[in-house]
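Read-outs throughout are calculated quantities, based only on the coordinates presented, and are distinct from any laboratory measurement. Computed from a predicted model, the values in this text were never measured in an experiment. For neighbour counting, all protein chains shown are included, and Cβ atoms are generated from backbone atoms with ideal geometry for every residue, glycine included.
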Amino acid sequence: MSENKAGKPAGRTGRYIKYAIGEIILVVIGILIALQINNWNENRKSASKENLYLKRLLSENKEDINTFTNNISDLEKGIESIEKLSLALNSAEINDSVLVTATNDFFGYGSIYPIFSSSTSTFDDLSSTGNLKDIKNTELREKLVKHYAQYKQVAEWIKIGTEWALPNDAPFTYNNSVMRFEPVSAFLFGKQSIEELANHLRTKKMEYLNNAAVHFWINKDAIDKLETLRTDTSEIVTLINEELKK
């Protein structure tokens, strides 16, 4: 057997080298496996978090559809009362009782202000924490951003309409003592006959019509905005459902 200068067998050195290389390969394989397992765990956690967020978004958007539907229904009832008041005030043959009833209905339903209410806690959480990236579907993510931006636009638009109407509404309410038409507060004005109330309404016909027109405009505009938003929200619900099925 040949020996190297150090006197050690050459074959033994080769075995040491092979053994060392094998150890390195095993270590590298172990690291790669550990990284793979870690990546798998992280992906699993990310998928679980995404699934949770999607379910919360789904629930909140379904709730918003119901809220928008109820708001639209209330506003449509108000629009109907406004139209009935207009017909009553513009009719020369309407009897006093019908006119007063139409006015009561207007103050009960038509003179209310539109409101905007929505559930945005999950999206706010995603945005503020930077977790929006957990929604892997980029198309869905972009639609969600636009969807909630539309929420803000509608809320702002309804607010602008209300702020425009209030300066017209407040003086009218006070100057015409309209609280006497409210069943709860009518007693404060003493005994009033239907004939007296009807005569007041006919005398102040244009003031009542102008006030009704203000509420008609802001309510009709709110209905249009909420209907568009309800349609958009329904599309978001469909997209989230499709994503959850993947």
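Summary table below
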quantity	calculated
Ala170 versus Ser128: modelled label distance in nm, points set 7 Å from Cα along the beta carbon direction	3.2 nm
Farthest toward positive dipole pole in the chain [+1 Lys/Arg, -1 Asp/Glu at C-beta], among Met206, Leu126, Pro167	Leu126
Region 53-174 - charge dipole about Cα centre, Lys and Arg +1 at Cβ, Asp and Glu -1, debye rounded to 20	740 debye
Ordering of 184-196, 50-62 by burial proxy (mean other Cβ atoms within 10 Å per residue, highest first)	50-62, 184-196
Pairwise FRET efficiency - Ala149 versus Ser97, Cβ, R0 = 45 Å, nearest 0.05	0.35
Cross-link pairs Lys84/Lys204; Lys49/Lys245; Lys133/Lys246; Lys62/Lys220; Lys133/Lys159 - those with Cα-Cα distance over 27 Å	Lys133/Lys159
Sites Thr138 and Ile160 - FRET efficiency at Förster radius 41 Å, r taken between beta-carbons, to 0.05	0.80
Where labels lie 7 Å past Cα in the beta-carbon direction, separation of Met179 and Lys245 in nm	5.6 nm
Whole-Hz ³J(HN,Hα) from phi, Karplus 6.51 cos²θ - 1.76 cosθ + 1.60, for region 114-129, glycine and proline x	x, 10, 10, 10, 8, 9, 10, 4, 5, 5, 4, 4, 4, 6, 6, 9
Segments 168-179, 75-86, 12-23 sorted - mean Cβ within 10 Å per residue, highest first	75-86, 168-179, 12-23
